[in-house]
Amino acid sequence: MLGRIAVHLDKDRGCRRRVRAAAQLAAEHDAALVGIHASFGPPPYLYRGFFVSDDVNRMLSQRQADERAASEVLLREVAGEAGVTAHWRTGDGLAEDILCEQSRYCDLLIVGQPDGTDPGPRQMPALLASVLLGAGRAVMALPAVGELGTVGRCVLFCWDERRESARALADAGPILEEASELFVLRVDPPAEPDEAAQTKRADFLAYCAGRQYPIPQETTRDSAGVGIGNCILNAATDNACDLIVMGAYGHSRVREAVLGGTTRTMLESMTVPVLFSH
């Protein structure tokens with residue numbers, strides 16, 4: 001079971017929807033809900049020294065304080081409706097740093113998919129890249145559109161035998177233990193001797209059994225002409241999955257986080273929630 005579920009709070013229009021989904025998951029796991037206010041907007045101190053008057057700085061500071069207060073009100077209102085315990089956290093500095101630091105005291109961080117139609121903040125893609133690669137916790141991204149029902153009843157897990165997907169298999173444990181169905185997808189699996197393949201399959205099944213996951217239903221797909229990301233999305237649709245679990249791939253250079261192609265595709269095109277682990 002999950003013990004503490006964090007959710008990103010900001011002024012984007014998907015915030016209330018995101019908090020409700022997080023509160024529902026917290027209720028299902030009897031978990032505490034931790035709202036982390038981390039605003040896309042630059043903090044007022046960044047303007048100091050750039051010919052911005054004290055009056056403008058005071059106005060920006062007040063606006064930031066008002067947004068923080070509103071986020072706490074929203075969190076406690078939604079948590080109260082769901083009957084879960086709520087904790088509110090924030091900090092000063094860059095939004096991605098606040099999210100990474102605060103989410104490390106939780107089992108899971110829930111964020112929203114970047115929404116290009118939102119007239120609000122535009123830094124979400126860069127922020128999510130930094131958080132996915134730097135939080136050290138599983139991050140669940142919710143699609144910007146569509147109905148959000150139950151999450152984690154029918155799960156598609158993407159397995160490629162690499163470190164990130166192995167981490168995802170463990171990080172998603174509290175959700176997989178409660179799932180009814182588990183589909184395991186391998187895209188473009190390499191050719192290997194039958195004996196080695198059978199041994200790996202037996203070990204995978206034994207791991208899932210030991211963690212009390214559902215018996216995996218295995219499937220493979222060829223990405224030629226489609227792309228790995230689309231293979232994953234198609235498999236999720238074909239099997240009526242309500243959650244995708246996968247490794248998050250990428251690297252950081254100086255202050256910029258760079259996501260791998262498949263991870264970026266999933267963030268841009270997800271149709272169901274995706275739990276990423278790095």
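The values are calculated or read from the model by the stated rules, or taken from the named source; none is laboratory data. Because the structure is predicted, anything quoted here is derived from the model rather than measured. Cβ placement follows ideal geometry from the backbone for every residue including glycine, while neighbour counts extend to all protein chains displayed.
Points to keep in mind about this one:
- Residue match in region 32-42 (condition: at pLDDT 95 or above, under 19 Å from residue 99 (Cα atoms), not assigned by TED's automatic domain parsing to the domain that holds residue 176 and not hydrophobic (A, V, I, L, M, F, W, C)): yes
- Residue 204 being in a strand (DSSP E or B) and aromatic (Phe, Trp, Tyr): no
- The C-beta contact set for region 236-256 (first residue surrounded by 12 or more Cβ atoms within 10 Å (Cβ to Cβ), second residue at pLDDT below 90 and part of a strand (DSSP E or B), distance under 9 angstrom, 6+ apart or interchain) comprises 248/259; 249/259; 250/257; 250/258; 250/259; 252/258.
- Across region 92-111, the number of residues qualifying as surrounded by fewer than 15 Cβ atoms within 10 Å (Cβ to Cβ) and at pLDDT 95 or above comes to 2.
- If you go through region 214-234 and keep only what is in a helix (DSSP H, G or I) and more than 21 Å from residue 169 (Cβ to Cβ), you end up with 230, 234.
- Among (1) under 22 Å from the mean Cα position of the chain (by Cα); (2) assigned to a helix (DSSP H, G or I); (3) not hydrophobic (A, V, I, L, M, F, W, C), the one test that residue 271 misses: (2)
- Positions within region 170-189 being crowded, with 23+ Cβ neighbours inside 10 Å, in contact with a helix residue (DSSP H, G or I) (Cβ under 9 Å, 6 or more places away or on another chain) and either closer than 19 Å to residue 108 by Cα or without any contact (Cβ under 8 Å) to a residue 12 or more places away in the chain (or both), in sequence order: 175, 176
- Within region 112-122, at least one residue is touching a Phe, Trp or Tyr at 6+ places or on another chain (Cβ under 7 Å), touching a residue at least 40 places away in the same chain (Cβ under 8 Å) and surrounded by fewer than 22 Cβ atoms within 10 Å (Cβ to Cβ).
- Residue in region 265-275 that is of a type in the set (Ser, Thr, Tyr) and surrounded by fewer than 13 Cβ atoms within 10 Å (Cβ to Cβ) present: no
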